[in-house]
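Following: one structure in structure tokens, then a few remarks.
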């Protein structure tokens, strides 16, 4: 199911800062919109990307809403570290840790952020070239 491409959800993407109630990723975290969950704890959910750019493409999404990395503060230090540790756990679970993977966070429209809710992309399962863009 490609929820982002669904006309009823299109207002949730496109670089607009939306409230928590209108945020696509908040709705996924609350299980109001279906997603293929590969990891979940009390702070975050990791789901398969609906339009993957690599054989393994996972989105790690905090359950608490921050529009972008620029909206994070010192109070978010533990959460941001926990996201990275969750990425390691997911990489091991999906058998890409040994060969290698990329973890990235796009920030703002010019940085490639399409959904305005902090999230990280875990990419793997093939050789990832450099530079990425």
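Just so you know, all these numbers are worked out from the coordinates, no wet-lab data involved. Quick caveat: nothing in here was measured; it's all calculated off a predicted structure. We place every Cβ from the backbone using ideal geometry, glycine too, and count neighbours over all the protein chains shown.
One table, with the values for the structure above:
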{"quantity": "Projected label distance in nm at residue 64 and residue 48, using a 7 Å step from Cα toward the beta-carbon", "calculated": "3.1 nm"}
{"quantity": "Inter-centroid distance (Cα atoms) of region 78-97 relative to region 39-70, Å", "calculated": "11 Å"}
{"quantity": "Ellipsoid equivalent to region 29-133 - semi-axes via the Cα gyration tensor, in Å", "calculated": "20, 17, 14"}
{"quantity": "Sequence ranges 54-65, 93-104, ranked by mean other-Cβ count within 10 angstrom, highest first", "calculated": "54-65, 93-104"}
